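Engineer: Pasting in a structure now, in structure tokens, and then I'll have a few things to ask.
Nothing in this text is a laboratory measurement; each read-out follows from the coordinates by a stated rule. Here the structure is a predicted model, which means the values were calculated and not measured. Positions of Cβ are generated from backbone atoms using ideal geometry, with glycine treated the same way; all protein chains shown enter the neighbour counts.
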Amino acid sequence: MDERISPAGRLAGTLRLPGDKSISHRYAMLAGIAEGRSVLHNYSTGADCASTLGTLRALGIRVAREGTDVTISGCGLDGLTQSREMLDAGNSGSTIRMLSGILAAQPFPTQITGDESLSRRPMGRILHPLELMGACISARDGRYPPLAIGPARLHAIDYTLPVASAQVKTCVLFAGLYADGTTTVREPARTRDHTEVALREFGAQLDVRPKVIAIEPRPRLLARELTVPGDLSSAAFFLVAALLVPGSRVVIEGVGLNPTRSALLDFLVSMGAGIQVRNLTVHGGEPVGDIEVAYSRVRGGVIEGNLTAEVIDEIPVLAVLGAASAEGLVVRDAAELRVKETDRIATVADNLRRMGIEVEVSADGLSVPGGQRFHAAELESFGDHRIAMAFAVAALAADGESVLHGAEAAGVSFPEFFSLLKNCG
């Protein structure tokens, strides 16, 4: 699908965004192995989170959905049943990586795969710790989906993540629910802690210290009624859009403001962005508030070290903002971007160059000089939702109408994106 995007005069309005994708995945998986009926409000409307619900249904869990409300009748830790067919994670790396921690402990064999894009994404970071726990798991060419997971009894481990990854941490902690002792995960850098928050909400026992999480085995998980906060990663596109287009002022209500995710806001403020947070509350252990953003002349900045891990999903749209900033943007320590839905370093650079933007690429990052202007262009999503949305935002600041090919990719995480963009633009 092609989307034609004209330059915006200004953006204004009040928005409510779909539920946070990361939290939706975790709530659904834990509700599936909890006891009783959980109700999840504002569940993500993205295709990735629908893939998680599909895998739960295939494992014998009753799932009912009405709009953004999802009801899941959990079966307890030991109630999953063998799927009649290979599980399909679609495009969702979150689904296949996190759910594999649960599947590895089941008394029946399972196979799980995904679409063409997911089938090219390496799974070695979950295979290694699961094998250390005694899992019987194999992958195509030793690295790629589909995964074949056999019955196994899991052992507790003390595992240090070689690379900071919330998905890998979650996989190991979920497996630790079924282990024969306390499982400990050590992080080289802090990652988003939605898993720890959700596990506690459902009744798991954890000991959480800086960069160290220990989980006790065999808890009794109980059903919950929870509301998923608005997705801060989705909000990032509207924050950057407002910062790019003179005269803009946008309010985004009910956004998740977990401290392990708020590095995005801190970084934007450090660049000189006019951002205010209001009406801060806590729901289900997750901080939630309203974000107001106004057009600002931003300076630029450097993303490296721990900050890279904390804003890894937002780097494509931050690269767009960097080109329009006074001093530009430098990104380092982001080799993880090479193995996302696309090689995001390459696809970001490709689209920036199409728009006449100068950019230098390295093995683990990129450098975008500031003070540049966007030219209208034919852009590609490359089948990657974050690339599609990042360059839809860039097109708002171009000197004419741009065409985004493959715009439907945004539906993986944010089906309402283009309609909301038009409404406020």
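Engineer: I need the phi-derived Karplus couplings for region 340-346: 6.51 cos²θ - 1.76 cosθ + 1.60, θ = phi - 60°, integer Hz, Gly and Pro marked x.
Structural biologist: Each residue's phi maps through the Karplus curve to give 7, 3, 10, 6, 5, 5, 5 Hz.
Engineer: Now for a different question. Choose one of G90, I72, M389: the residue whose Cα lies farthest towards the positive end of the charge dipole of the chain (beta-carbon charges +1 Lys, Arg; -1 Asp, Glu; about the Cα centre).
Structural biologist: It is I72, whose Cα lies furthest towards the positive end.
Engineer: How large is ³J(HN,Hα) for each residue in region 42-59, as worked out from phi by the Karplus curve 6.51 cos²θ - 1.76 cosθ + 1.60 (θ = phi - 60°), to whole Hz, x for Gly and Pro?
Structural biologist: 6, 5, 3, 8, x, 5, 4, 6, 5, 4, 4, 4, x, 5, 5, 4, 5, 8
Engineer: If you find the alpha carbon centre of region 231-309 and of region 51-75, how far apart are they in angstrom?
Structural biologist: First find each Cα centre; the distance between them is then 31 Å.
Engineer: Here's a follow-up. What is the extension gain from R200 to D266, computed as 0.36 nm multiplied by their sequence separation minus the C-alpha to C-alpha distance, in nm to one decimal? Don't skip to the answer; put the middle values down first.
Structural biologist: Values: separation 66, 0.36 × 66 = 23.76 nm, distance 2.68 nm.
Gain in length upon complete extension: 21.1 nm.
Engineer: Just for the chain, what percent of DSSP beta bridges are antiparallel, to the closest 5?
Structural biologist: On the way: 51 of 73 bridges.
Around 70 percent antiparallel, to the nearest 5.
Engineer: Normalized C-alpha radius of gyration of region 21-215, against 2.2 N^0.38 Å? It would help to have the intermediate numbers written out before the result.
Structural biologist: Values: Rg = 15.2 Å, N = 195, 2.2 N^0.38 = 16.3 Å.
Here the answer is 0.93, to two decimals.
Engineer: Do any GluC sites (Glu not before Pro) in region 26-96 lie in a DSSP loop with no more than 13 other beta carbon atoms within 10 Å, and if so, which?
Structural biologist: Working: sites: E35, E66, E85; in loops: E85.
Filter output for region 26-96: E85.
Engineer: Quick one: compute the contact order of region 21-215, relative version, from alpha carbon pairs under 8 angstrom and 6+ residues apart, as a percent. Mind showing how you got there, number by number?
Structural biologist: Values: 414 pairs, mean separation 34.2, N = 195.
Relative contact order comes out at 18 percent.
Engineer: Helix-derived [θ] at 222 nm for the chain: sum -39500 (n - 2.57) over DSSP H runs of at least 4, divide by residue count, nearest 500?
Structural biologist: Details: 13 runs with 131 residues, N = 425.
Helices in the chain give a 222 nm mean residue ellipticity of -9000 deg cm²/dmol.
Engineer: Please give, to one decimal in nm, the separation of the simple spin-label points placed at E327 and A346, each 7 Å out from Cα toward the Cβ.
Structural biologist: In this crude spin-label approximation the distance works out to 3.2 nm.
Engineer: Counting other Cβ atoms within 10 Å of each Cβ, which trypsin sites (Lys or Arg not before Pro) in region 1-107 have at most 13 and sit in a DSSP loop?
Structural biologist: Qualifying residues, ordered by number: R84.
Engineer: Could you tell me whether region 308-425 comes out rounded, prolate or oblate from its Cα gyration tensor? Rule is a ≥ b ≥ c as square roots of the eigenvalues, rounded for a/c under 1.5, then prolate if a/b exceeds b/c, otherwise oblate. The partial results should precede the final answer.
Structural biologist: Working: a/c = 1.68, a/b = 1.17, b/c = 1.43.
It is oblate, given that a/c is not under 1.5 and a/b is not larger than b/c.
Engineer: Same structure again: Would you mind checking which residues have amide H under 5 Å from I137's amide H? H placed 1.01 Å from N; only 5 or more apart, or other chain.
Structural biologist: G150
Engineer: Pull up the cross-link candidates among the lysines for K340, meaning alpha carbon to alpha carbon under 26 Å and not fewer than 8 places away within one chain.
Structural biologist: Counting by Cα, and skipping residues close in sequence, K340 has these lysines nearby: K21, K169, K211.
Engineer: I need the shape label for region 137-194. Rule: rounded when a/c is under 1.5, else prolate if a/b > b/c, else oblate, with a, b, c from the alpha carbon gyration tensor.
Structural biologist: Details: a/c = 2.20, a/b = 1.22, b/c = 1.80.
Taking the square roots of the gyration eigenvalues as a ≥ b ≥ c, region 137-194 is oblate.
Engineer: Could I ask something else about it? Specify the inter-centroid distance of region 379-425 and region 89-110, based on alpha-carbon positions, in whole Å.
Structural biologist: Region 379-425 and region 89-110 have Cα centres separated by 31 Å.
Engineer: Okay, moving on. Note down the relative contact order for the chain as a percent, whole number, built from C-alpha pairs under 8 angstrom at least six residues apart. Could the numbers behind the result be given before it?
Structural biologist: Details: 1054 pairs, mean separation 77.2, N = 425.
About 18 percent, as a whole number.
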